[in-house]
Every structure is written in structure tokens, then in C-alpha cells.
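Notes follow once the structure below has been shown.
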Amino acid sequence: MPHRNFKKSTPRPTICSLPELGMDEEQLTADFKRYYGHRLGRDENCKSLHYAYEALSLAVSDRLIERWKKTYNAYKEQDCKRACYLSMEFLMGRTLSNAMINMGLTDVATKAMHDLGLEMEELVDSEYDAGLGNGGLGRLAACFIDSCATLGLPVTGYGLRYEYGMFSQLIINGEQIEKPDHWLRNGNVWEIERFEYKQVIKFGGRTETHIDERGKKRVCWVDTHDVLAVPYDTPVPGFRNNTVNTLRLWKATATEEFDLQEFNEGDYAEAVAAKNGAENITMVLYPNDASENGKVLRLKQQYLLASASLQDVLGIWVGRHGHDFTDFAAKNCFQLNDTHPSIAVAELMRLLMDIYGLDWDEAWKITSNTMAYTNHTLLPEALERWSVNLFKQLLPRLMEIIFDINAHFLAEVSAHWPGDKDRLTRMSLIEEGHEQHVRMAYLAIVGSYSVNGVAALHSKLLQQGLFRDFYELWPQKFNNKTNGVTPRRWLASCNPELAKLITETIGDGWLNDLSLLKKLVPYAENKTFRKRWQKIRLNAKQRLIEFKKQENGINLNANALFDVQVKRIHEYKRQLLNVLHVIHLYDRIKRGDTAHWTDRCVLIGGKAAPGYYMAKKIIKLINNVGAVINNDPEVGDKLKLIFLPNYRVSAMEIICPGADLSEQISTAGKEASGTGNMKFMMNGALTIGTLDGANIEIREEVGDENFFLFGLTEDQVESTRHTYDPAGIIEQDEDLKRVLHLLEWGHFNQFEPGIFDALIGSMKSPHDPWMTIADFRSFVEAQKRVETVYRDQELWTRMSILNCAASGKFSTDRTITEYNDEIWKLTPVKVENIACE
Ligand code: 26Q
């Protein structure tokens, strides 16, 4: 239904006269009861926990909305510069407990619920994860908007409201089965639909040129198939500062006009089918976290996000400043979360020229001074490229603009390197070949004033490798912003006992200044403190054991070393190296080599992209090896290998406090940053890792003596690659030979012959890009050092405390402060806690 506006003469309802909502138990209880009994129509006969969760969430949400309006007004009043974080993924996880922590409502609400006979933990647990992301990049976006709100920065998150988030993973016969995640099936109390801010998005059609009334050449994009993008807003509260920012997610729907057109032609069924076509655009999140597959639906998603978000921002601008764009770049910027929304570069040009009548130079000046691009991968195969033909068909006007950007850009390159034809070919936004492709990363670099990587090594490698030509042309554009995680979710909320101990010891300033954790350093030498630390970590392990038991009945021994690797399954992350080590330990047990043994429980979790054959085989291998080891009475408590199904944000909230050892074992130079590594460290786990991504900075912060380092460095990986001889290495290493022998003889697949041949073959190939075999010996030796330390629990606990104490750098508050100081340059806005008149 089209929305109707108030008649000019009708007075609009004045909402500022609303009384402020109480933050005490009595008011909260009253609201809870009203929502439960009236709005949701439930009573004591209702058995489902969900409605109690919903009633409490509605009560909490009211209090968020109050502060949301204040924040909105404060930003408006100051007419401050704003930033938009454009991301195809926001992996938010659950909202309720985070909202309570940030508003300081946790204790009051827990007591209120308890007095009504309800357990807060159960209510919080009944919330579905908002799984609108694949992994690191999506969760980073969620941590970023938490920190932006906490720092009082006017930043809006723009993304897509997928009907189906990341698939839910079932393990059947050791194999991954994907189940669609209909996360909205019980509704979503946290979002507000704002149909009044809908935007029209064009697809298809063709372009026409004409001369406008001022004699200027104008391009019109006509005969398009239009789709509506409708925004759904979610409040994003800062930590106890009354700031509530916005996460705006677009849902695609059919336009009313489109329906009507088809209907007039008498084809009702066609009209309904067309509606489906439009709504399909935001139906599902693509579950690939690396390789690109060129699906047209994905390009539609990307364009819908870019176009709707930019039209939204331009609409707000024009509403306030008319068609004067002089200050637009001084007041707005767009951070592109990888290349996924980078079509925004061309779309902003289109809107400024075709809709608002700016000429090329004016539009380019604005665009290239507002866009900033973050890269998240060094794997060349993961760089996005779109076929020019597909682009022309779906977005003809955008393709023209990209060609024009390229022409201007190549002229600049020629001027800089006269006659260097190879460089022109290398740097062109268009890749030539049997089919032409648009190189999205290059479009993002050319169109942005800032290009950053996500950890020191990664940024260095971008400059020296992947983007070298661009770095030579524009060194000043390139910078590093090492990732972080929000300490509210990844310590305060997921590990409340440890958080309490920390606060008792050093005060609560660490919650928004994580560098203060370093005050814990002297307590590493305090025996009573260590005892309490140990006890709390043991409790967290028990909770993890309980979680595991609930899911599939397996009981684990809390005294064992909990050795955890959770992340997407990918060859470069080397879950296989982990499995080789487990098989080696099993082999040692079987041959009786168990003097000074350390009991160990290896937990591996993660999803494989549904089309990634090798990743799926890795899951199967983990489960098969686990089945043999876990059922062997001779092995007993000495060793367990467990696959954690359906790894997701809410699972990590239980896993990371209960882990002793964090596995960060990617081939050096391949993991851009990693952020799980930071969550583990913050919760007192020790890291075994290669010199890759943010591991390097973690080790720098905590000191070499508190980090288990192994493996080739990035330099060594690249310089030995061409002489890599896994067969030779295996021949020299008795342990490794035995491990491969077990694998090759089908010890873990006795009734499934040959199923692991591809995995074994890839590791033994001299062309194995991940060089798993090369790092085996060094990994085993590092694991022995782990065991020695673990047997000395006092030493282990000391190192655990020091890891937590050294994790201050890895707060997204630090990361976002750097983004703001060096890229966005926004002024923080204070939102006063005063009643509006
Ligand atoms: C691309 C094309 C088509 C469909 C999907 C995709 C796609 C989707 C998601 C490609 C990549 C991703 C996600 C990448 C990602 O999560 N990268 C990780 O980002 C983290 C945050 O910076 C880093 O810590 C990790 O090192 C990096 O792997």
C-alpha cells in the first residue's frame, strides 16, 4: 500500500511529550507484564519461552528507541559529518543481552525476571542468532557498529535484510548438510520497518542521451525494471552513553506500479511471479566466504545495497541543503567493507550526474573524496570480477560510467608512466581475455581516498604484492587498520564471571578502554588471584562441556587441555594440519609412547561453503578420525577429537571462554587478520600460531614467551615454494610417515574406500599452495611445548592472565578510533540524558 501523508492542515502527533521510561525493576516488570499479557496475549498457560523473551525484548527496545530519537536529534542539531559503513554482511548474533549490557539494565532485568520466576539465561538463549554474514568480515561489521556507537560517532550501518541468513549446519554420517536458516520465522522485535524511506532501484533497460534545458548533455536510463528497497532499522546502542545509532537493512520488494502494469495487461499470474522476482533479491545470503562465482543475483544484491544506501544519503542531503553539493564530501563518507559494495563508486557518479546534474569533474571530486575501501583478502582467486556482458545487461548505465572512469584513470597512468603498456594492461579496470571482466578491487581503489588492509602484515603485502602498481601511483592512499572485537560482547557478556573478577581487581574502566587490562599484569604473580582465575576458567570449560553434551550427548573431561579451532573450513586455514597432529597423538597412544602425557580434547568447528568440495571432505575427515579415536577404549581420556556442529556467533560466546589453546595455524601470508584469535586471547586462552595476520601483533603484545610460535614465515613460504618437496619431507620424518600411512591405508574410512584420496593427494603434491606438510614437524614441536606448560598449571595460569592483560589493542574501540582519526574525521557527539521538552 502506498503511504499517505498527513494533510497540511492536520496537526502531527507530538511525541516529545512522552514521559521517560523508568530503568528500575518496577517499571520494567510492569512493561513486561503489559507486553506479555496484552500485546502478545499470553498468560500462565503459555508453555513457550519465546513470548517471555519477546515481552522483555519489547520492554528493553522501548528504552532503546527513546535514546535513538535523542541521538537522531543530537546529530541533526550539530549537522555533523557522518559516515556510512556499507557491508553485504552484518553478523549480529543475538541482541537482547547486548542491549541490556550497553544500557546498564542487566542486573535490574535479571532480578525482575527472577522475581517473576523466569531465568534470564534461558530467555537470552531462546533468541535466534541474526546470522546475516559468513564469518570474519560480517562479524567485524557488527563489532564496528558497536564501537562506533560507544565512541559517540555518527555512523550508520547499511546492509541487506536477508530472509535467510547463513545456513544452519547439520552433521549426518560425518558430512555437512545445509539447512536454510529462516531466522525471521518468529518475527524480529528489534527492527522497525520504515516504508516511508523506500527507494526505487533500476535494473536492465538502456541509456539515452539528450541535451537538457541548460544545454548540457544528460544521460537517461530508461525502460528499466524497477524494484523497491524498503529499509528496516535496528537500533545500535553504545556502551552506557545514551547514543543509539542505526543499522539500516534493505529488503527488496516489487513496486506497486510494476504490479499494476502487468495486471492491466490481464496477466495476473505473471504479475505475482514478477513480484517474486523482485523479492528474491534479498531472499538469501550467499554462503561463500572466499571465491566468487559470478551469479547475477549476487550482483543485483550488491547494486541494490549501493544504490538504496546512496539514494538515502543523498535524499537526506538534498532535504537539508538543496542541490548544493559543495560541502557533501566534507560531511559524508562511505566505508566499503571489501569490494562487495564497490559498485557504489559508479552509482554515486550516476546519481550526481544523471539525477542532480553535476558534471563529470565535480562528481568525480565528490566521489573520490567520500569513498574508502577496506580489503579483507590476499587470495587472488577471491578478488571479485564481473563479466562485462553481464554488467551491460543488468546495469547498462553503470557499465558506461565504469568505462569512463577507466578512460580517465588510464590517462593518468599514461601520464605517470609514459609508454608503459604493460602497466596499463595490468592496472586497467577491465581485464581483457576471452571474455572481458570488471576488476572490482581496482574500481574501489581508483574511486577511494583511502585503501586499507586489516592487519600490519596484510597491509604490507597488499602494498608490495596485489596492489603494488596502485601503491606506486598513490602511496598516500594506503594504510593499515588492524582489526579488533568488541569487548562488551567478547568479554563482558560472554564471560561474566571473568569480567566480574577483572572489575573487582582493576575497576570497570576496561569496558570502554581495554588498554587498562594491562593493570592485570602484576596479578599474574598473585597466587590467590591465580586460583580465582583458574576456577572461573574451569567453570567456563564446564559450561562448554554442558553445551556440547546438550547438543549430542558427548561428555568431556574438564581437566584435559581444550584445544580449539573454530573458523570457516578452508584449505588455507589448515584444519588438515590440526588433524595430522591429532592422528600423530593417536599413533603415539597406540604405540605406547605416553610418558608425561597431557590429556587433550581437540574441538574443531566451522562451516564449509556448500560448493567447496575439499572443505566438505575436511569435515568428513574430522568426523571419521574422531569416531575412531573417541570410541577406542585404549585412548580413553587421553585424547578426544570433536567436531562442533553449526558454529555461529552464539556458539562462540560459549566456546571462547572455555578454550585453553587457540589454534591460529594458517599458511603464513594467507589469513588477512583473523578475529577469533583476539576473542580467545581476551578470554585468557594461549595461542599456537604462525606468523600470519594479526597473530603477529598478538605475539608482539603478549611477548614471545607467552605465545607458541611455529611454522614458515611468509617470506620462507614464498621463497621455498618452487623447491617444495613434500615427499622428501615425509621420507625424513618417521612420525609423519606413520600418520600418512594410517590415512592412506584407510584406517579412518574402512568401509568408505578412497574418500580421502583427494585430501591426501593435495597435501602430498609439490604444488600444494598451503604447504601443510612443510609445517608439520614445527607444529608438533610447538604442541609439545604447549603440553609441558599445561602440566605446570601455575605457569599456564600466569600466561593466561598475561594474554588477557595484553589484549587491550584488540578492541574495536581502538580500531574505530584509528578509522576515525585517519579516514573519517568525524566529531564525536554527546547525547545528553535529559528529557526532551
Ligand atoms: C564473494 C562473492 C560472492 C559471494 C560471496 C563472496 C564473499 C563473501 C564473504 C567473499 C568473502 C567473504 C568474507 C570474507 C571474510 O570474512 N574475510 C575475513 O575477514 C576478516 C575480517 O577482516 C579477517 O579477519 C579474515 O582474515 C578474513 O578471512
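The values are calculated or read from the model by the stated rules, or taken from the named source; none is laboratory data. Small disclaimer: the values here were computed from a predicted structure and weren't measured. Here the Cβ is made from the backbone with ideal geometry for all residues, glycine too, and neighbour counts use every protein chain on show.
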>> When you scan region 124-140, do you find a residue that is more than 16 Å from the ligand (Cβ to nearest atom) and farther than 21 Å from residue 235 by Cβ, even just one?
In response: yes
> Got a sec? Which helices (runs of 4 or more DSSP H) wholly within region 246-328 have at least 1 residues that are aliphatic (A, V, I, L, M), under 30 Å from residue 146 (Cα atoms) and at pLDDT 95 or above?
Replying inline: 296-321
> Which pairs have Cβ atoms under 7 Å, sit 6 or more apart or on different chains, and link a residue in region 762-791 that is under 19 Å from residue 668 (Cβ atoms) to one that is assigned to a helix (DSSP H, G or I) and hydroxyl-bearing (Ser, Thr, Tyr)?
Replying inline: 768/762; 770/572
>> Please determine whether any residue of region 711-725 is over 35 Å from the mean Cα position of the chain (by Cα) and in contact (Cβ under 8 Å) with a residue 40 or more places away in the chain.
In response: yes
> Any idea how many residues of region 209-232 are more than 43 Å from the chain's Cα centre (by Cα) and not in a loop (DSSP other than H, G, I, E, B)?
Replying inline: 2
> Picking from 305, 297, 336, which residue would you name as being surrounded by fewer than 23 Cβ atoms within 10 Å (Cβ to Cβ) and either more than 17 Å from residue 75 (Cβ to Cβ) or within 16 Å of the ligand (Cβ to nearest atom) (or both)?
Replying inline: 297
> In region 206-221, which residue that is of a type in the set (Asp, Glu) and free of Cβ contacts under 8 Å to residues at least 60 places away in the same chain is nearest to residue 401 (Cα to Cα)?
Replying inline: 208
> Residues that are closer than 21 Å to residue 587 by Cβ: which helices (runs of 4 or more DSSP H) entirely in region 702-788 hold 3 or more of them?
Replying inline: 726-732, 734-744, 757-764
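A quick yes/no check of all residues on (1) surrounded by 15 or more Cβ atoms within 10 Å (Cβ to Cβ); (2) of a type in the set (D, E, K, R); (3) part of a loop (DSSP other than H, G, I, E, B):
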position	(1), (2), (3)
801	yes, no, no
808	yes, no, no
821	no, yes, no
826	yes, no, yes
> Of the residues in region 282-294, how many are within 9 Å of the ligand (Cβ to nearest atom), in contact with a Lys or Arg (Cβ under 7 Å, 6 or more places away or on another chain) and not charged (D, E, K, R)?
Replying inline: 1
> Residues in region 165-201 that are aromatic (Phe, Trp, Tyr) and not in a loop (DSSP other than H, G, I, E, B): how many?
Replying inline: 2
>> Please count how many residues of region 367-395 are surrounded by fewer than 20 Cβ atoms within 10 Å (Cβ to Cβ) and more than 16 Å from the ligand (Cβ to nearest atom).
In response: 6
>> Looking at residue 551 and the list (1) within 21 Å of residue 687 (Cβ to Cβ); (2) surrounded by fewer than 19 Cβ atoms within 10 Å (Cβ to Cβ), which single condition is not satisfied?
In response: (1)
> Quick one: what pairs do we get from region 85-96, first residue farther than 19 Å from residue 653 by Cα and at pLDDT 95 or above, second more than 10 Å from the ligand (Cβ to nearest atom) and part of a loop (DSSP other than H, G, I, E, B), C-beta under 7 Å, 6+ apart or different chains?
Replying inline: 86/341; 87/341; 88/341
> How many residues are crowded, with 18+ Cβ neighbours inside 10 Å, of a type in the set (A, V, I, L, M) and out of contact with any Phe, Trp or Tyr (no Cβ under 8 Å at 6 or more places or on another chain) if we restrict to region 190-239?
Replying inline: 2
> Looking at 381, 400, which one is assigned to a helix (DSSP H, G or I) and within 30 Å of the chain's Cα centre (by Cα)?
Replying inline: 381
> Does residue 767 satisfy the condition of being over 33 Å from the mean Cα position of the chain (by Cα) and surrounded by fewer than 20 Cβ atoms within 10 Å (Cβ to Cβ)?
Replying inline: no
> Does residue 741 meet the test of being under 25 Å from residue 628 (Cβ atoms), surrounded by fewer than 23 Cβ atoms within 10 Å (Cβ to Cβ) and touching a residue at least 24 places away in the same chain (Cβ under 8 Å)?
Replying inline: no
> Which residues, counting only those in region 142-157, are farther than 15 Å from residue 91 by Cβ, in contact with a strand residue (DSSP E or B) (Cβ under 7 Å, 6 or more places away or on another chain) and not in a loop (DSSP other than H, G, I, E, B)?
Replying inline: 148, 149, 155, 156
>> Would you confirm, using the coordinates I've provided, whether residue 363 is more than 10 Å from the ligand (Cβ to nearest atom) and surrounded by 24 or more Cβ atoms within 10 Å (Cβ to Cβ)?
In response: no
>> Suppose we keep only residues that are over 12 Å from residue 682 (Cα atoms) and touching a residue at least 40 places away in the same chain (Cβ under 8 Å) within region 484-509. Which one would you say is surrounded by the fewest Cβ atoms within 10 Å (Cβ to Cβ)?
In response: 497
> Residue check: is residue 356 closer than 19 Å to residue 207 by Cα, touching a Leu at 6+ places or on another chain (Cβ under 9 Å) and aromatic (Phe, Trp, Tyr)?
Replying inline: yes
> Does residue 454 qualify as being within 16 Å of the ligand (Cβ to nearest atom), touching a residue at least 12 places away in the same chain (Cβ under 8 Å) and either surrounded by 19 or more Cβ atoms within 10 Å (Cβ to Cβ) or not hydrophobic (A, V, I, L, M, F, W, C) (or both)?
Replying inline: yes
> Which residues, taken from region 38-61, are more than 35 Å from the chain's Cα centre (by Cα) and closer than 17 Å to residue 115 by Cα?
Replying inline: 43, 44
